[in-house]
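One structure below.
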Amino acid sequence: MSRTGAPKDTMKIFGLAGWSGAGKTTLICTLIPALTRRGLRVSTLKHAHHAFDIDTPGKDSYEHRQAGATEVMVASANRWALVHELRGAPEPASEELVGRMTPVDLLLIEGFKRETHDKLEVHRPTLGKPLLCPDDPHVVAVASDAPLPGLSVPQLDLNNVDAIAAFIIAHCRLTGRARGAA
C-alpha cells in the first residue's frame, strides 16, 4: 500500500463517457465533492480529443519542451505537474495512464469511451446523438435529463448527483463514509 492512497490493485476505476456537450465534465465536477464528502479519495483522468497544452509560451518549462525535452516536471510547494511529449509515439491507452496515477479509492475517467472499463454514459437526447450503450457492453448505466424507454441498463437522473454517486459507490463496491465519521 502506498502512503498516499489505496493499493494500486484495489483502486477502483469508473468512467463517464458520452458525446461532446452531454455534460460529462459538469457531472464529474459535482460528483467529486459528493464522493469526497463520503470519505473517498478521488482522482480523475481526462481524455482530450484535440491538441492541448497546459503550459504557456515564454515559461521556462514550455521552453524546455520546445528545446526537445521528452518530459518536463514543474514543482512548487502547492503542486507538481509532469508533461510528457509523445513526439510521434502513439497515444497511450487509459490502462497505461492509470498505471502512472497515485493510488486512491476511486479513479474517475472522463472520455476514453472506446476502452473496456465500466462506465456511465452521459446522454442528452437534445444533442441528437445515438446512445453508446447498445454497442458498448461496458456501459453499466445511463444518466440522462430525459426518459429513455427500452434501455437494457439502469437509467439515472442526470440532475440527481447523490443518486449517481450512490450508484458508483455500490457498483464499485466502495465503502464511503462521511468525513469525520469513525
Inset, instruction - For segment 136-153, name all the residues that are farther than 20 Å from Gly21 by Cα and surrounded by fewer than 18 Cβ atoms within 10 Å (Cβ to Cβ). - result: Pro137, His138, Pro149, Gly150, Leu151, Ser152, Val153
Legend entry - Inter-residue pairs, beta-carbon under 7 Å, first of a type in the set (Lys, Arg) and in segment 15-35, second not in a helix (DSSP H, G or I), 6+ apart: Lys24/Leu16; Lys24/Gly18; Lys24/Glu110; Lys24/Val122
Inset, instruction - With the condition kept exactly as written, say whether any residue in segment 154-170 is surrounded by 11 or more Cβ atoms within 10 Å (Cβ to Cβ), charged (D, E, K, R), in a loop (DSSP other than H, G, I, E, B) and touching a residue at least 12 places away in the same chain (Cβ under 8 Å). - result: no
Legend entry - Search result, residues across segment 78-94 that are surrounded by 13 or more Cβ atoms within 10 Å (Cβ to Cβ) and not in a loop (DSSP other than H, G, I, E, B): Val83, His84, Ser94
Inset, instruction - Give the residue that is nearest to Val153 (Cα to Cα), with candidates limited to residues of segment 118-142 that are assigned to a helix (DSSP H, G or I) and hydrophobic (A, V, I, L, M, F, W, C). - result: Cys133
Inset, instruction - Determine, yes or no, whether Val122 is buried (at least 18 other Cβ atoms within 10 Å of the Cβ), of a type in the set (Val, Ile, Thr), in contact (Cβ under 8 Å) with a residue 12 or more places away in the chain and touching a strand residue (DSSP E or B) at 6+ places or on another chain (Cβ under 8 Å). - result: yes
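Any read-out appearing in this document is the output of simple, stated calculations on the displayed coordinates, not a laboratory observation. Note that the structure is a prediction, hence the values are computed from the model and not measured. Note that we place each Cβ from the backbone using ideal geometry, even for glycine, and neighbour counts take in every protein chain shown.
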